[in-house]
Amino acid sequence: MQRFTALYQALDETTATSGKVAAMEAYFREAPAADAAWAVYFLTGRRLRRLVPTAELRAWTLEATGMPAWLLEETYASVGDLAETLALLLDQPFAPPEQDATPLHVWVEERIQPLRGMATEARRDAVLGWWAALPTPQRFVLNKLLTGAFRVGVSRRLVVRALARVSGLETATLAHRLMGQWQPTPAAFEALLDPEEQGEDRSRPYPFFLASPLEADPTALGDRSDWIAEWKWDGIRGQLLRRGGECFIWSRGEDMMAGRFPEIEAAAADLPDGLVLDGEILAWEDDTPLPFNVLQQRIGRLRPSAKIQREAPVIFLAYDLLEAGGADRRQEPLEARRELLRDVIGDGAGALRRAQALDAGDWVALASLRQTAREEGTEGIMLKRRGSPYRVGRTRGDWWKWKLAPRTVDAVMLYAQPGHGRRSSLFTDYTFGVWDGDTLVPVAKAYSGLDDAEIQRLDRWIRSHTIERFGPVRSVAPQQVFELAFEGLAPSRRHKSGVAMRFPRISRWREDLAPGEADTLDDVKAMLP
Amino acid sequence: MVADLIRPTERGLYCPPGDFYIDPWRPVERAVITHAHGDHARWGHRIYYASHASRPLLERRLSRDALILGCDFDKPFRLGDAWISFHPAGHILGSSQVRVEYRGCVWVASGDYKRDVDPTCEPFQVVPCDTFITEATFALPIYRWEPVARVAGEIHQWWRACARAGQTAVLFCYALGKAQRILAELLAYTRDTAYLHGAMVPLVDAYRDAGVAMLPTASVSAMPRNHDFAGALVLAPPSAAGSSWMRRFRPESTGFASGWMRIRGNRRRRGYDRGFVVSDHADWPALLQTVRDTGARRVLATHGRTDVLVRYLNEVEGVDAQPLVTDYGGEADD
């Protein structure tokens, strides 16, 4: 735990990516494989399933410190990170302890993971004992592991770069080997760095190739005929794998979607083995996509009932082929992969379909087609360069997303609360309202869109214009108007306003507008599809 | 029971029997000043009463013709119908608590204070009173300070590590109080020269004139344009972060010395590489201990987390506490 905590601190104490990569490289070279495996596991954003309810951690902290519960909550609201709050509060009751030399894998496998099956009393004794025995930095890292919120400002890309330096392998190879259900064992860590790949995991997806937003005019991309255009679908990006007689569905967030979309799995059962498709999971009826909020009803459901499958039918709309006949096809040109895709699934039908290229023969025609994207139930247009391979991650140049400009509404700030992590102790999470008669009804929460200087200024304004406090949330004088951009709008029974906004964010601080000039609820409802 | 000896008004905290204000924020006839930080010592009053040690700092801050009367610590004098006296607050050089007595009733306004050892100013003195006006800048139980001598050791290690890596160590800290304290604490580790941002030079000079021992210093602006700062420690006010002035120090590592650095999010949000927890304010245990030490039956809490301190004093410590609205720096201070 000591070495891993030191790594955590080293990563936390530099803002330079080169420094972060060097710190990880040094760790991976020195640490025993059993520890390094767990470090890879945590640094790539994987987490232990919740082992201890946070209510228990809070209760034990109150017990150890003797402080009232409200004081802990006020403190948490100010710190913005529960693991850190508890670690800092607990450095009072205990004497400064010795450094802890127990290796990370022993901590995780022999101490932390067994907590799950323990009786509350035994769990309490164990955790209180560890808290007393660890210095504050290590207690903090332990709490991070216990709360399952281990984030240290390192992207997976940086972890891959460090591993590439240690192993001498290509970053693309390592990125692929780290996909899917990576097991934190010493053998897996050694296999990760092995020059020869061995023992492939059947369920392992490929790293996704991500499109970059097109900000310039598409004519800057050269000739229209060098590009294949498709709709940009508004669903969940996914990979459909058919290997060893089994079917695996992965989301871009690398969640295994097993059992969630039985109609897609059923349709995939007829596919040949050794096949990986890239595409979009969409709610779909007849030949038309349904709004994203229909798909949302399916996302959280592990075993959807027949009723919900009827109400919110889903399909996998394939647009690329990454593996066929068990062979990696990612280096083949785009047209060849599309050709193969057509050979395998034809035009598709039912729950497995194939995305069509858009005809529009020149940029002007394509631009006018793009203007109809919303009516087509899409977000805009994807442009993919002919002849390009399937790359890894957000590599710019070959895939562009040319989205429709978002829609906007002018709304008044009603509530503010502190952010988390980097933005804790600064008011960064806001609730906005529009006029319904002479009252303001909340319509959206937004977190981003202002620059640091604006956030600082707004933070000061909020502190001096607070009307009431509700725990961490403050109501503020309804004076500040903001232009909010959003992607979509759907009717909602859960929201007081009757509408739900998709991806709302602040596009401008409208200091030129008085609150009375903000939009009305009727203005917003007029934008419903 | 007499009426409140000190009460909030539009111009500041006012003492009716003495007809004076404490750290007023609008121009007044008679201003009693606890210390020289900008939010407590403002322009435009007719007469300033302050400790002797505060005088040179106030003279730098206020206009030349301001009338500043230096007062001894612990020597009561009459102002109007009240008796007042200054007592060390341990916050920065010259910082004072103000004790006010009228008809047997004693109030103490602490200004900003701390209880920790600080080689640059006189230590806090406990002044028994009936009503104690306390600050609450760091009134949350996560705020607990380690001995600054140890933190200075961390700063020195960081400076050495930067030197080995060929970097300039740029440490941001407030120009009055914090900078001098760090320069004094670093004497335990080195005699190397530290470089100063221009805003700090006159204040460091003032501390030297007052007899405070610190590292040797040089002004950054006095160095040739192409001077290589690699391996050097540079002290600068936080406002210099991100300015073009910073370019000459590349490659640099940045640190910030403040009580707020106790929380990771505060450091990461500002993009500093390192945070060093050094505060010139009382931490949570010191706030509570000070209230107990004064024996005050009533406590008024000014800037910072007054809400938390007031509730805690009422509910847990059984002290009658209320918030007192002021215009002091509050949440951003330190």
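Observations on the structure shown:
- Test: residue in the stretch B:232-253 that is among the aromatic types (Phe, Trp, Tyr), in contact with a Lys or Arg (Cβ under 8 Å, 6 or more places away or on another chain), away from every other protein chain (no Cβ under 12 Å) and touching a residue at least 60 places away in the same chain (Cβ under 8 Å): no
- Scanning the stretch B:235-251 for residues that are part of a helix (DSSP H, G or I) and either of a type outside the set (D, E, K, R) or surrounded by fewer than 16 Cβ atoms within 10 Å (Cβ to Cβ) (or both) yields B:Pro238, B:Ser239, B:Ala240, B:Ser244, B:Trp245, B:Met246, B:Arg247, B:Phe249.
- Some residue of the stretch B:276-287 being more than 14 Å from chain A (Cβ to nearest Cβ) and among the aromatic types (Phe, Trp, Tyr): no
- For the stretch A:364-388, filtering for residues that are over 25 Å from A:Pro529 (Cα atoms) and surrounded by fewer than 17 Cβ atoms within 10 Å (Cβ to Cβ) leaves 3.
- In this structure, A:Asp320 qualifies as among the acidic types (Asp, Glu) and either under 29 Å from A:Gly488 (Cβ atoms) or open to solvent by less than 70 Å² (accessible area, probe 1.4 Å) (or both).
- Residue within the stretch A:116-136 that is outside any helix (DSSP H, G or I), over 27 Å from A:Tyr27 (Cα atoms) and in the same structural domain as A:Asp100 (by TED's automatic domain parsing) present: yes
- Selection from the stretch A:120-148 of residues that are open to solvent by 40 Å² or more (accessible area, probe 1.4 Å), more than 13 Å from chain B (Cβ to nearest Cβ) and not hydroxyl-bearing (Ser, Thr, Tyr): A:Glu121, A:Ala122, A:Arg124, A:Asp125, A:Ala133
- Exclusive hit being more than 30 Å from B:Arg274 (Cα to Cα) and free of Cβ contacts under 8 Å to residues at least 12 places away in the same chain, set A:Arg510, A:Arg469, A:Arg502: A:Arg469
- Scan of the stretch B:194-213 for residues that are part of a loop (DSSP other than H, G, I, E, B) and either open to solvent by 60 Å² or more (accessible area, probe 1.4 Å) or over 20 Å from B:Cys162 (Cβ atoms) (or both), ordered by number: B:Ala210, B:Gly211, B:Val212, B:Ala213
- Of the candidates B:Ala41, B:Ala3, the single residue that is outside any helix (DSSP H, G or I) and under 17 Å from the mean Cα position of the chain (by Cα) is B:Ala41.
- Residue match in the stretch A:157-164 (condition: basic (Lys, Arg), open to solvent by 20 Å² or more (accessible area, probe 1.4 Å) and modelled with pLDDT under 90): yes
- The residues of the stretch A:60-73 that are in a helix (DSSP H, G or I) and surrounded by fewer than 23 Cβ atoms within 10 Å (Cβ to Cβ), listed by number, are A:Trp60, A:Leu62, A:Glu63, A:Ala64, A:Thr65, A:Ala69, A:Trp70, A:Leu71, A:Leu72, A:Glu73.
- Looking across the stretch A:1-32, the residues that are assigned to a helix (DSSP H, G or I), under 18 Å from B:Glu154 (Cβ atoms) and hydroxyl-bearing (Ser, Thr, Tyr) come down to A:Thr5, A:Tyr8.
- For B:Ser54, the stated conditions hold: it is open to solvent by less than 10 Å² (accessible area, probe 1.4 Å) and hydroxyl-bearing (Ser, Thr, Tyr).
- In the condition set (1) in the same structural domain as B:Cys173 (by TED's automatic domain parsing); (2) open to solvent by 40 Å² or more (accessible area, probe 1.4 Å), B:Gly255 is compliant with all but (2).
- Test for B:Thr302: is it touching a Leu at 6+ places or on another chain (Cβ under 6 Å), among the polar types (S, T, N, Q) and assigned to a strand (DSSP E or B): yes
- Residues that are within 12 Å of another protein chain (Cβ to nearest Cβ) and of a type in the set (A, V, I, L, M, F, W, C) were ranked within the stretch B:149-176; the one that is surrounded by the most Cβ atoms within 10 Å (Cβ to Cβ) is B:Cys162.
Okay, residues lined up against (1) of a type outside the set (A, V, I, L, M); (2) open to solvent by less than 10 Å² (accessible area, probe 1.4 Å):
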site: B:Trp83; (1), (2): yes, no
site: B:Phe86; (1), (2): yes, yes
site: B:Ser95; (1), (2): yes, yes
site: B:Ala109; (1), (2): no, yes
site: B:Val117; (1), (2): no, no
site: B:Pro147; (1), (2): yes, no
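- Residue match in the stretch A:364-376 (condition: more than 14 Å from chain B (Cβ to nearest Cβ) and in contact with a Pro (Cβ under 6 Å, 6 or more places away or on another chain)): no
- Reported count of residues in the stretch A:6-17, each being hydroxyl-bearing (Ser, Thr, Tyr) and either more than 24 Å from the chain's Cα centre (by Cα) or at the interface with another protein chain (Cβ under 8 Å from one of its Cβ atoms) (or both), is 2.
- B:Ala321 meets all of the listed conditions (1) within 11 Å of chain A (Cβ to nearest Cβ); (2) in a strand (DSSP E or B); (3) not aromatic (Phe, Trp, Tyr) but one, namely (1).
- A:Asp286 meets all of the listed conditions (1) over 26 Å from the mean Cα position of the chain (by Cα); (2) on the phi < 0 side of the Ramachandran plot; (3) without any contact (Cβ under 8 Å) to a residue 12 or more places away in the chain but one, namely (2).
- Any hit, the stretch B:217-231, residues being over 30 Å from B:Gly90 (Cβ atoms), open to solvent by less than 20 Å² (accessible area, probe 1.4 Å) and within 14 Å of chain A (Cβ to nearest Cβ): no
- The set of residues in the stretch A:74-92 being in a loop (DSSP other than H, G, I, E, B), at negative phi and either open to solvent by 30 Å² or more (accessible area, probe 1.4 Å) or at the interface with another protein chain (Cβ under 7 Å from one of its Cβ atoms) (or both) consists of A:Asp81, A:Asp91, A:Gln92.
- Filtering the stretch B:19-51 to residues that are farther than 17 Å from B:Leu203 by Cα, among the acidic types (Asp, Glu) and open to solvent by less than 50 Å² (accessible area, probe 1.4 Å) leaves only B:Asp23.
The values are calculated or read from the model by the stated rules, or taken from the named source; none is laboratory data. Just so it is clear, the model here is predicted, and its values are computed rather than measured. Note that we place each Cβ from the backbone using ideal geometry, even for glycine, and neighbour counts take in every protein chain shown. Ligands, DNA and RNA are stripped out before the accessible areas are found, and what is left, the full protein with its side chains, is counted by its heavy atoms. Shrake-Rupley method; radii C 1.70, N 1.55, O 1.52, S 1.80 Å.
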